[in-house]
Amino acid sequence: MSQKSFTGTGVAIITPFRNDCSIDFKSLEKLVEHVISGGVDYIVVLGTTGESVTLSKDEKKAVVNFMTDTVDKRIPVVVGVGGNNTQEVLSTISTTDFDNVDAILSVSPYYNKPSQAGIFLHFKAIATASPVPVIIYNVPGRTGSNITADTTLKLANECKNIVATKEASGNFAQIMQIIKQKPKNFQVISGDDALTLPMVALGASGVISVVANAFPKEFSAMVNHALKGEMAKAALLHYKLLDLIDGLFEEGSPSGVKAVLEILKIGRNNVRLPLAPVSEKHYAKLDALVKKLK
């Protein structure tokens, strides 16, 4: 598979739940059609936004199978396979059916706070075990540790199966060093919707997005303009969406985007504990922001 498949807008798709918190596959199908018709370039399933940490192994398998069947090769599918127990991640890879799965997204080990050497060896083991390309995911705000530019570049150079990094550190000095020194085919993908425009301007290849669940057409258009160097057009869309993007994360994610998807009549506003729905006050704020965009 060409690495170019991870250029543009990937959507970190939510896992919709019914009122009893079982998986709502009907809403998931509706959402898949919404984002594909909206022009996203690929879908990421079982990420943070998909509440993967609260899904059982059987549920994860069911979601992946449903997703690959529903997408039906129209666009690439990336599956989140990560954790802070390397052996368990390797075991998951060994028992996963990768038919019609185009890559895995693997978050840096959280809570353990491994050294850079530990992070490197963790991802090297995953890259060796994975039959599909690997996108590493650096999100220090969630993991409690950062993958440095040096470690990312070492992985990019030494592990040919590691094809990209999803960078959500917000550290532009670090991001620029990765973009400046990376191998030609290695991609840097934004992990922050609000920072996507400046990151693409610096040489990132796109985004794995939360807001694209709700507004795939507008956000994909913004990314495409930026990739073409049409920065004035991209900026118009960026600033049009910025208040909503900020609002999605104000009371936690994916609580914000699930509220917006309910407002848009695409899914229900249900999350699994320990997440909680947004407050009534914030729901009203999101409703007003959505009305401005429609």
**Asked** Does ALA276 count as without any contact (Cβ under 8 Å) to a residue 24 or more places away in the chain and over 19 Å from SER209 (Cβ atoms)?
**Response** no
**Request:** Give the range 139-165 a look and list any residue that's hydrophobic (A, V, I, L, M, F, W, C) and closer than 12 Å to ASN185 by Cβ, or say none.
**Result:** ALA156, ILE162, VAL163, ALA164
**Prompt:** Would you pick out the residues in the range 217-237 that are buried (at least 23 other Cβ atoms within 10 Å of the Cβ), touching a Leu at 6+ places or on another chain (Cβ under 7 Å) and in contact (Cβ under 8 Å) with a residue 40 or more places away in the chain?
**Reply:** PHE219
**Request:** Might you let me know whether the range 190-208 holds any residue that is in a helix (DSSP H, G or I), touching a Gly at 6+ places or on another chain (Cβ under 6 Å), modelled with pLDDT of 95 or more and not basic (Lys, Arg)?
**Result:** no
**Prompt:** Within the range 62-81, which residues are within 16 Å of LEU28 (Cα to Cα), surrounded by 16 or more Cβ atoms within 10 Å (Cβ to Cβ) and not aliphatic (A, V, I, L, M)?
**Reply:** PHE66, THR68, THR70
**Counted residues, the range 106-121 - those being within 20 Å of ILE208 (Cβ to Cβ) and surrounded by 19 or more Cβ atoms within 10 Å (Cβ to Cβ)** = 5
**Prompt:** Any chance the range 29-47 includes a residue that's among the aliphatic types (A, V, I, L, M), farther than 24 Å from GLY252 by Cα and either in contact with a strand residue (DSSP E or B) (Cβ under 8 Å, 6 or more places away or on another chain) or modelled with pLDDT of 95 or more (or both)?
**Reply:** yes
**Asked** Looking at this structure, is THR49 buried (at least 21 other Cβ atoms within 10 Å of the Cβ), under 17 Å from GLY82 (Cβ atoms), touching a Pro at 6+ places or on another chain (Cβ under 7 Å) and not basic (Lys, Arg)?
**Response** yes
**Prompt:** Would you call ILE147 at pLDDT 95 or above, in contact with a Leu (Cβ under 9 Å, 6 or more places away or on another chain), of a type in the set (Val, Ile, Thr) and over 23 Å from VAL223 (Cβ atoms)?
**Reply:** yes
**Fill in**
Residues of the range 139-154 being assigned to a loop (DSSP other than H, G, I, E, B), without any contact (Cβ under 8 Å) to a residue 60 or more places away in the chain and surrounded by 16 or more Cβ atoms within 10 Å (Cβ to Cβ), in sequence order, are SER145, ASN146, ILE147, THR148
**Asked** Taking interchain pairs and intrachain pairs at least six residues apart, which have beta carbon atoms under 6 angstrom, with the first residue in the range 106-130 and aromatic (Phe, Trp, Tyr) and the second part of a strand (DSSP E or B) and crowded, with 22+ Cβ neighbours inside 10 Å?
**Response** PHE123/ILE136
**Message:** For the condition within 28 Å of LEU236 (Cβ to Cβ), free of Cβ contacts under 8 Å to residues at least 60 places away in the same chain and not acidic (Asp, Glu), what is the one hit in VAL200, VAL207?
**Reply:** VAL200
**Prompt:** Counting only residues that are outside any helix (DSSP H, G or I), among the polar types (S, T, N, Q) and farther than 14 Å from ALA129 by Cβ, how many does the range 155-169 have?
**Reply:** 2
**Message:** Name the single residue that is surrounded by the fewest Cβ atoms within 10 Å (Cβ to Cβ) among those in the range 164-174 being under 17 Å from the mean Cα position of the chain (by Cα) and closer than 16 Å to SER145 by Cα.
**Reply:** GLY170
**Request:** Determine whether the range 265-274 contains at least one residue that is polar (S, T, N, Q), more than 24 Å from SER106 (Cβ to Cβ), at pLDDT 95 or above and out of contact with any Gly (no Cβ under 9 Å at 6 or more places or on another chain).
**Result:** yes
**Asked** Consider ASP102 against the criteria (1) acidic (Asp, Glu); (2) within 16 Å of the chain's Cα centre (by Cα); (3) closer than 19 Å to PRO254 by Cα: it satisfies all of them except one. Which criterion is unmet?
**Response** (3)
**Asked** at pLDDT 95 or above and out of contact with any strand residue (DSSP E or B) (no Cβ under 9 Å at 6 or more places or on another chain) - does that describe any residue in the range 74-83?
**Response** yes
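The values are calculated or read from the model by the stated rules, or taken from the named source; none is laboratory data. As the structure is a prediction and not an experimental result, all values here were calculated from the model. Heads up, the Cβs are rebuilt from the backbone with ideal geometry, glycines too, and the neighbour counts pull from every protein chain shown.
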